[in-house]
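In what follows, a structure is listed as structure tokens, so that the remarks can point back to it.
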Amino acid sequence: MKLRLQYNNMAPYLVASDIIDFGDQFSREVTELAFEIAARSTDEIDCIKNAFAYVRDHISHSADIQGKIVTCTASEVLRAKEGICYAKSHLLAAILRCNQIPAGFCYQRLLLDDISAPHLILHGLNAVYIEKLNRWIRLDARGNKPGVDAQFSLVQEQLAFPVRSEKGEEDIPVIFASPDKHVIQALTDNMCLETLWTNLPTALYPTA
């Protein structure tokens, strides 16, 4: 699948915001983590790999731990050490951007559950620009478990969930600079996971 950028320059993929909150004006904790990851990395690619592994392995997916809270901003995710796929993608983007590595947001439309909830919802992940290779790759820091094995690879993409087109699932081939508005609304309007599961976004917010 060929990815396309929402914007043709890198600046929007490097900025901090209320959601991707790093830097002195937002979150010292996220900034300190980003710099710590960079300090133990040998180069840009190693920094990306280490940031991805941290969010995938050290931040729990809320569903996997029967979590009770809903996190949204990068700093919330870091403090709580948990989040669902969208929230975890916010933290990974913040870590990378803090280290001047362009990062964006990608989405898939997947079945929530083949048996109990066979309807399509958005799944969130990241895209990151690798300057040395002059290309973007997608990374899914959702968190691994039996049946889910997302990995960092420069050769063959290995995401958490392969798209099954025969079931209506699809990749959305756009690298967005900001998280989708429907995603943010779902994470901020629902105070507990129980209600969030019944209000997950099913489509992207329309843009001009």
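May I ask you to list, by number, the DSSP H helices of the chain whose Cα span along the axis is at least 18 Å and whose average Kyte-Doolittle hydropathy reaches -1.0 or more?
Details: long enough: 44-58 (20 Å, -0.32); 85-98 (20 Å, 0.90).
Qualifying helices, which must be both long enough and hydrophobic enough, are 44-58, 85-98.
Shape call for segment 78-201 from the C-alpha gyration tensor, a ≥ b ≥ c root eigenvalues: rounded (a/c under 1.5), prolate (a/b greater than b/c) or oblate?
Working: a/c = 1.77, a/b = 1.26, b/c = 1.40.
It comes out oblate by the Cα gyration axes.
Counting only DSSP beta bridges with both residues in segment 54-208, what percent are antiparallel, rounded to the nearest 5? Let's see the in-between values first.
Working: 21 of 23 bridges.
Given both bridge residues lie in segment 54-208, the antiparallel proportion sits at roughly 90 percent.
What residue among Gly168, Gly147, Gly104 shows peak mean-square fluctuation when the chain is described by a Gaussian network model with Cα springs under 10 Å?
Gly147
Using only the Cα atoms of segment 53-142, what are the Rg and Dmax in Å?
Values for segment 53-142 (Cα only, Rg and Dmax): 13.8, 44 Å.
Can you work out the Karplus-derived ³J(HN,Hα) for every residue in segment 3-20? Use 6.51 cos²θ - 1.76 cosθ + 1.60 with θ = phi - 60°, whole Hz, and x for glycine or proline.
Karplus-based 3J(HN,Hα) across segment 3-20 equals 7, 10, 7, 5, 10, 8, 10, 7, 3, x, 8, 10, 7, 8, 7, 4, 9, 8 Hz.
Expressed as a rounded percentage, what relative contact order does segment 107-208 have, with Cα pairs under 8 Å and six or more residues apart? Could the numbers behind the result be given before it?
Numbers: 137 pairs, mean separation 25.5, N = 102.
Averaging sequence separation for qualifying contacts and normalising by length gives 25 percent for segment 107-208.
Cut-off 10 angstrom, C-alpha nodes, Gaussian network model of the chain. Which of Pro173, Pro146, Pro12 fluctuates the most?
Top of the fluctuation ranking is Pro146.
Hey, any idea what the orientation-averaged projected area of the convex hull of segment 147-205's Cα atoms comes to, in nm²?
Numbers: hull surface 23.8 nm².
Computed as one quarter of the Cα hull surface, the answer is 6.0 nm².
Hey, what did the chain get for relative contact order, percent, Cα under 8 Å, at least 6 apart?
Numbers: 394 pairs, mean separation 47.2, N = 208.
Rounded, it is 23 percent for the chain.
Return the single residue from Asn134, Asn144, Asn126 with maximal mean-square fluctuation; model: Gaussian network over the chain, springs between Cα atoms under 10 Å.
Taking springs between Cα atoms under 10 Å, the residue moving most is Asn134.
For segment 1-139, how many pairs of lysine residues have a Cα-Cα distance under 26 Å, where the two are 8 or more positions apart or belong to different chains?
So the count of such lysine pairs works out to 9.
Convert each backbone phi in segment 111-121 into a coupling constant with the Karplus relation 6.51 cos²θ - 1.76 cosθ + 1.60 (shift: θ = phi - 60°), then list the ³J(HN,Hα) values in order as whole Hz, x for Gly and Pro.
Listing the rounded values in order: 5, 4, 7, 4, 9, 7, 8, x, 10, 7, 9 Hz.
How big is the antiparallel share of DSSP beta bridges in segment 39-146, given as a percent to the nearest 5? Working shown, then result.
Numbers: 15 of 17 bridges.
Antiparallel bridges make up about 90 percent of those DSSP assigns within segment 39-146.
Per residue of segment 153-167, in order, report the coupling 6.51 cos²θ - 1.76 cosθ + 1.60 (Karplus, θ = phi - 60°) as ³J(HN,Hα) in whole Hz, putting x for Gly and Pro.
8, 9, 9, 9, 4, 9, 8, 5, 9, x, 6, 10, 5, 5, 9
Stokes-Einstein diffusion coefficient for the chain at 20 °C in a medium of 1.002 mPa s, Rh from the Kirkwood formula over Cα pairs: what value in µm²/s?
126
How much mean residue ellipticity at 222 nm does the chain get from its helices, if each DSSP H run of length 4 or more adds -39500 (n - 2.57) and you divide by all residues, to the nearest 500 deg cm²/dmol?
Values: 6 runs with 62 residues, N = 208.
That comes out to -9000 deg cm²/dmol.
Every number here is computed from the coordinates shown, using simple stated rules; none is lab data. These numbers come from a predicted model, not from an experiment.
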